[in-house]
1. Taking 0.36 nm per residue of sequence separation and subtracting the Cα-Cα distance, how much length would be gained by fully extending the chain between V72 and H2, in nm to one decimal?
2. If I model a spin label at S53 and K79 as a point 7 Å from the Cα along the Cα→Cβ vector, what separation in nanometres do I get?
3. Pairs of Cα atoms under 8 Å, at least six residues apart: use those to get the relative contact order of the range 15-75, whole percent.
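Every number in this text was worked out from the coordinates using simple rules, so none of it is lab data. Just so we're clear, the structure is a prediction, and the values are computed from it rather than from any experiment. Cβ placement follows ideal geometry from the backbone for every residue including glycine, while neighbour counts extend to all protein chains displayed.
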Amino acid sequence: MHLALFLQQPPMDPALIQKIVLASMAILPVIYVVIAAIRILPFWFICKKAGFSPWLSLLYIVPFGGLILCYVLAFSDWKVIPVPQAGWSPGSPYPPQPPIPR
């Protein structure tokens, strides 16, 4: 039924089709750059915190690159050094002793 209705429509004006195509050619690159930035930016920080080069996040531009990047981050050893606790040194007993009142 829908196909029959679609075929019964009058043909579109070629000038209108040209305007639609030109408008979409102007808008789609902007949309693509915004979507690429939304996808790349979080992985930039993840790669940096994991000890990898943040430039690895640009793999998202390549088809299936995002999947490859997820597998690299999931199955590799992160080169992260734990942050030392404030007020605790490795030589002192755990937990730290309370201060002695004087």
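1. 20.5 nm
2. If labels sit at S53 and K79, their model points lie 1.1 nm apart.
3. In percent, rounded to a whole number, it is 21.
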